[in-house]
Amino acid sequence: MSLLGTDYSAYTSTDRLPSAEELARQEEMIGRAGELVLGLKEKLGRVPTACVVTFGCQMNARDSEKLCGILERCGYALSEDEEADLVLYNTCTVRDNANQRVYGRLGHLHAMKKKHPEKRIALCGCMVQEPSVIERITTTMPFVDLIFGTHNIYKFPELLVRMLEADHMIVDVWKDTPEIVEDLPVKRKYAFKSGVNIMFGCNNFCTYCIVPYVRGRERSRASKDILREVERLAADGVSEVMLLGQNVNSYGKGLEGEVSFPQLLKEVEKVDGIRRIRFMTSHPKDLSPELIEVMAASEKICSHLHLPVQSGSSRVLKMMNRCYDREGYMDLLARLKDAMPDLSVTTDIIVGFPGETPEDIEETISLVREAQYDNAFTFIYSPRTGTPAASMPRCMSDEEIKDGFERLLSVVQETARMRVRRFEGRTEEALVEGMNDQDPAMVTGRLGSNLLVHFAGDESMIGKYYPVKLRENKGFYFVGERE
Ligand code: 5AD
Ligand code: SF4
């Protein structure tokens, strides 16, 4: 079954308004939800609590901050505890194990709800964009109160009102939307750093990937809106921004008169108060020479690039529809390292793609050795319904895939350990992100390269930058000393 061909009209709202009007409508809904939450407060004799659980990527983490902002404005006290009066799962579906985790945890929520029938359970995010998931939840999990998708997240205040007023499950999932609604409330997880969406969706259709189906077609935000958001964040004490998109290198395509991604970076760089700029994710096929120039010349863009390769075999890359081959990727990497010799590069790799053979895995392993990644996220291929790869025959047994995966992982770890050695004894600037989990006399900071360093400090240092001497190499992180 093709996801694109699925008819969602039964669930589709038709009252789409231009974004300013839509924003006003949702503001009004926040007021209405606030009254309902107040009623709940009187009934419970305490402030109702809400817990948002994020699965998946940085985009979802940013969406969760918006959901939390709305919940807080409606009068909920935010909590990390799933015993809360309202639990919202912001789901991921990039691999099937993400779905299975959600199903498992929903079982636990159901048990809690049996004891506290007032509890509300809501689901949103990528997983519920899949028709088979909606089917399963609506038929077997009637205890779920609200389901909404990735395209109408800005309607959350209105959906909250509907959920709080209803005594049955509300399902509102759209197939797509051209709409980008700006300026909804946001509750940031960190005071000093923030993600900033620069685009939504993806047009690449890598054959294994469900993202273009669940996040829709690529839509870039206007650069003036992005810059206004960055300026506001800076005024609010944020010094590090991460520009977010499925393929940031194609930012601006399809928007009349819009700037390119490197030009956008240059504009973000001009914002006073912003000290570090990161971005994610870069598709190698769209990474321009201009971006390399802008990165190399920049004082603020961090010396770290996440550049997913997926496979080291040109044959597999072709089947994946990645639009580059091994040579093209390695050439790009060489140009990046020529311009920025100290650049940290991380990647994503899939093992077990249909049609992949043990020889192809050997090619991936040899690419990892050649590329010398600072780190790599390795995944076993997971078939996603509706994607072209899901109907391609596979060539390897589970054992061969597992064996290849483990061999790859050990090479990834070996090269990462080697790469990290270049930092030994250096003094680098660290942004303190929080207290150390294990030692209350230590703080944890992040370097521009994305490496973590633990050093002596206290809470007053959180959100500030310190030069730190990187003394002890612990393999994947350092223990250091403030200079
Ligand atoms: N199976 C396994 N890994 C996948 N990814 C995307 N789709 C799949 C899939 N079907 C990986 C890719 C991508 C990362 C975010 O997730 O490596 O870069
Ligand atoms: Fe998926 Fe490819 Fe788009 Fe990344 S670029 S989200 S892997 S389709």
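The table below lists the values:
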item: Qualifying residues in the range 334-351 (those that are open to solvent by 10 Å² or more (accessible area, probe 1.4 Å) and in contact with a helix residue (DSSP H, G or I) (Cβ under 7 Å, 6 or more places away or on another chain)) - the one nearest to ligand 2 (Cβ to nearest atom); result: ARG335
item: Count of residues meeting criterion [open to solvent by less than 30 Å² (accessible area, probe 1.4 Å), within 16 Å of ligand 1 (Cβ to nearest atom) and of a type in the set (A, V, I, L, M, F, W, C)] in the range 79-105; result: 2
item: Residue within the range 395-408 that is surrounded by 14 or more Cβ atoms within 10 Å (Cβ to Cβ), not in a helix (DSSP H, G or I) and not assigned by TED's automatic domain parsing to the domain that holds THR93 present; result: yes
item: Residue within the range 440-458 that is surrounded by fewer than 16 Cβ atoms within 10 Å (Cβ to Cβ) and either in the same structural domain as ILE274 (by TED's automatic domain parsing) or more than 24 Å from ARG276 (Cα to Cα) (or both) present; result: yes
item: Residues located in the range 339-373, provided they are assigned to a helix (DSSP H, G or I) and of a type in the set (A, V, I, L, M, F, W, C); result: ALA339, ILE361, ILE365, LEU367, VAL368, ALA371
item: Subset of the range 190-212 [within 9 Å of ligand 2 (Cβ to nearest atom) and either among the acidic types (Asp, Glu) or closer than 19 Å to CYS124 by Cβ (or both)]; result: GLY201, CYS202, ILE210, VAL211, PRO212
item: Those residues of the range 286-329 which are touching a residue at least 60 places away in the same chain (Cβ under 8 Å), within 25 Å of the chain's Cα centre (by Cα) and not in a loop (DSSP other than H, G, I, E, B), in sequence order; result: HIS304, GLN310
item: Residues of the range 151-171 satisfying the condition of being in contact with a Ser or Thr (Cβ under 9 Å, 6 or more places away or on another chain) and open to solvent by less than 20 Å² (accessible area, probe 1.4 Å); result: HIS151, ASN152, TYR154, LYS155
item: Residue ID - farthest from ligand 1 (Cβ to nearest atom), chosen from residues in the range 192-250 that are closer than 22 Å to ARG275 by Cα and of a type in the set (Gly, Ala, Ser); result: ALA235
item: Subset of the range 165-190 (residues that are out of contact with any helix residue (DSSP H, G or I) (no Cβ under 8 Å at 6 or more places or on another chain), of a type outside the set (Val, Ile, Thr) and touching a residue at least 60 places away in the same chain (Cβ under 8 Å)); result: LYS175, TYR190
item: Lone unmet requirement of (1) assigned to a helix (DSSP H, G or I); (2) open to solvent by 10 Å² or more (accessible area, probe 1.4 Å) for LEU109; result: (2)
item: Residue match in the range 265-284 (condition: open to solvent by 40 Å² or more (accessible area, probe 1.4 Å), not assigned by TED's automatic domain parsing to the domain that holds ASN203 and not in a helix (DSSP H, G or I)); result: no
item: For GLY448: the one exception among (1) in contact with a Lys or Arg (Cβ under 7 Å, 6 or more places away or on another chain); (2) more than 22 Å from VAL345 (Cα to Cα); result: (2)
item: Any hit, the range 329-340, residues being modelled with pLDDT of 95 or more and either in contact with a Cys (Cβ under 8 Å, 6 or more places away or on another chain) or within 14 Å of ligand 1 (Cβ to nearest atom) (or both); result: yes
item: Residue that is nearest to LEU317 (Cα to Cα), among those in the range 366-385 that are buried (at least 17 other Cβ atoms within 10 Å of the Cβ) and away from ligand 1 (no atom under 11 Å from the Cβ); result: LEU367
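The values are calculated or read from the model by the stated rules, or taken from the named source; none is laboratory data. All values derive from a computational prediction rather than experimental measurement. Please note: Cβ atoms are built from the backbone with ideal geometry, for glycine as well, and neighbour counts cover all protein chains shown. When the accessible area is computed, the model is the full protein with side chains, heavy atoms only, and any ligands, DNA or RNA have been set aside. Shrake-Rupley method; radii C 1.70, N 1.55, O 1.52, S 1.80 Å.
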